[in-house]
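Below: one structure, written as structure tokens.
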Amino acid sequence: MIALWFRRRRYLRFTRHVAGAIRRRLIRVTALFLVLFAVHVAAMITAEGMSLGDAVWLTITTATTVGYGDLSAETPLGRLATILCMYLFGIFLLAQAASDLFDYRALRRERRRRGEFKWRNMKDHLLIVNVPAQDADSYLARFVDHVRHAPSLADIPVQLLTPRYADGLPQELVDAGVIHFNGVAESTENLVAANAGSARCVIIIAEEPYDPRCDAQTFDVLSRLGALPGGGPGVVVAEVVDDVNRERIEAAGATSTLRPLRAYPEMVVRALTAPGVEQVLENLFTHDADHLMRFDTPFAGLRWADVVVSFVRGGAGVPMGYVTDGHVNTNPHPDDVCAGSGVITLIDERLTVTGDVVAACLRAAGKG
């Protein structure tokens, strides 16, 4: 690992040096070509008596080796200027500038692919800090897919800040428009390079869903985000491994916290689109808190709105759906007339609900 790290450091220094050298050479070559261009134009005006437009046209067609033949230098001084300015140096410099431009663009594409390019003008984007240690590709693909299907986030740019993809993002993420900056999040320099301060949303992923030490990393990232110029990002969703750390992490700047749920990346999307929903959903996974229960009590011909009202009034929780022919119908329309073999209801942890209570509520719904 250490050898790979040093090798990568050398590669980064090399690419930055090469990019800078190509850029400086391109500037010098372009400047010299423009000087020769201006000298040749002046020579055509002076020696050949051409207008400015004709002189520029002749210089361009000569430098690009098109040579239409509609204009040409006829005086000895004009021909000498064409030989020196265009044939000996101009065409070569133009070809060199084109070659340097192609090399520079190719190097920029490679740096973007490897996550070494700083997107300086990026703002109002979604920044994902860290990725899961296991199955990161599939998790991110599902997460981005849910983001693209959320109306409020469908067009938001997505950027990753992680050292995971030093050799480029998976093609599935590239096709989804995801970009990345290669580096660790525990670095203010890297957060600035990822434009964290101008992000609309930041998501801090716990790399290991069962390792409480990830909370310390999250706390460090939040501290750095809070110190960024401009007040930091608008919304920060942080995964918290140990519930004991939630209060500290929220005090450090997280607007929402949730447990790492690798099978449900849509939970994080919900935290972005409707803050607070993730806490309701999390609560359903905890048996000693509010929980869902199924009561196999048959009923028929009941309007769903009447069922909901009778359950709430009768202390049987909030009906979330009903069972019919082995299929669960969730959140029916209030005006639907329903029949089924059972009801699934959300029960407050302080309530004790029995089958008799549910049957009584269903009878009351039939009267309502």
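The values are calculated or read from the model by the stated rules, or taken from the named source; none is laboratory data. Only a predicted model underlies this, so the values are computations on that prediction, with no experimental measurement involved. Cβ sites come from the backbone with ideal geometry, for glycine too, and all protein chains shown count toward neighbours.
Looking at region 291-351, the strands (runs of 3 or more DSSP E) lying wholly inside it that each contain 2 or more residues that are in the same structural domain as ARG363 (by TED's automatic domain parsing), surrounded by fewer than 14 Cβ atoms within 10 Å (Cβ to Cβ) and over 40 Å from the mean Cα position of the chain (by Cα) sit at 299-303, 337-340.
Quick check: anything in region 117-138 among the small types (Gly, Ala, Ser), modelled with pLDDT of 90 or more and over 30 Å from SER223 (Cβ atoms)? Spell out how you get there, then give the answer.
At the first step, the residues of region 117-138 found to be among the small types (Gly, Ala, Ser) are 133, 136, 138.
Among the residues that remain, those that are also modelled with pLDDT of 90 or more are: 133, 136, 138.
Checking which are over 30 Å from SER223 (Cβ atoms) leaves us with 138.
Yes, some residue in region 117-138 is among the small types (Gly, Ala, Ser), modelled with pLDDT of 90 or more and over 30 Å from SER223 (Cβ atoms).
Criterion first (under 20 Å from THR162 (Cα atoms) and without any contact (Cβ under 8 Å) to a residue 40 or more places away in the chain) does PRO260 satisfy it?
Numbers: under 20 Å from THR162 (Cα atoms): yes; without any contact (Cβ under 8 Å) to a residue 40 or more places away in the chain: no.
For PRO260, the condition - under 20 Å from THR162 (Cα atoms) and without any contact (Cβ under 8 Å) to a residue 40 or more places away in the chain - is not met.
If we only count helices (runs of 4 or more DSSP H) wholly inside region 33-148, which ones have 2 or more residues that are closer than 30 Å to LEU261 by Cα, over 47 Å from the mean Cα position of the chain (by Cα) and of a type in the set (Lys, Arg)? Spell out the reasoning first.
Details: elements: 52-63, 76-82, 91-113.
Those helices (runs of 4 or more DSSP H) do not exist here; none qualify.
Taking each residue of region 49-73 that is not assigned by TED's automatic domain parsing to the domain that holds ALA98 and looking for partners that are assigned to a loop (DSSP other than H, G, I, E, B) and at pLDDT below 90 with beta-carbon atoms closer than 8 Å, six or more apart or interchain, yields nothing.
Being under 20 Å from VAL147 (Cα atoms), aromatic (Phe, Trp, Tyr) and not assigned by TED's automatic domain parsing to the domain that holds GLY315 is a property that holds for TYR264. Screening the candidates ASN190, ASN195 for the property of being buried (at least 23 other Cβ atoms within 10 Å of the Cβ), polar (S, T, N, Q) and either over 24 Å from MET267 (Cα atoms) or outside the structural domain of ASP135 (by TED's automatic domain parsing) (or both) yields one hit, ASN195.
Would you check which residues across region 257-283 are touching a strand residue (DSSP E or B) at 6+ places or on another chain (Cβ under 9 Å), within 20 Å of GLU208 (Cβ to Cβ) and not in a helix (DSSP H, G or I) and list them? Across region 257-283, the qualifying residues are THR257, LEU258, ARG259, PRO260, LEU261. If you go through region 270-290 and keep only what is loosely packed, with under 14 Cβ neighbours inside 10 Å, over 18 Å from ARG350 (Cα atoms) and in contact (Cβ under 8 Å) with a residue 24 or more places away in the chain, you end up with just PRO275.
Conditions tested, residue by residue: (1) over 20 Å from ALA136 (Cβ atoms); (2) modelled with pLDDT of 95 or more; (3) of a type outside the set (Asp, Glu).
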position: CYS201; (1), (2), (3): no, no, yes
position: ASP211; (1), (2), (3): no, no, no
position: ALA227; (1), (2), (3): yes, no, yes
position: GLY234; (1), (2), (3): yes, no, yes
position: ARG259; (1), (2), (3): no, no, yes
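Say we look at region 218-258 and pick out the residues that are of a type in the set (D, E, K, R) and crowded, with 18+ Cβ neighbours inside 10 Å; which of these is farthest from SER187 (Cα to Cα)? Once the filter is applied, the top-ranked residue is GLU239.
Against the test of being more than 30 Å from LEU32 (Cβ to Cβ), hydroxyl-bearing (Ser, Thr, Tyr) and without any contact (Cβ under 8 Å) to a residue 12 or more places away in the chain, the options SER152, SER138, SER99 yield a single qualifying residue, SER138.
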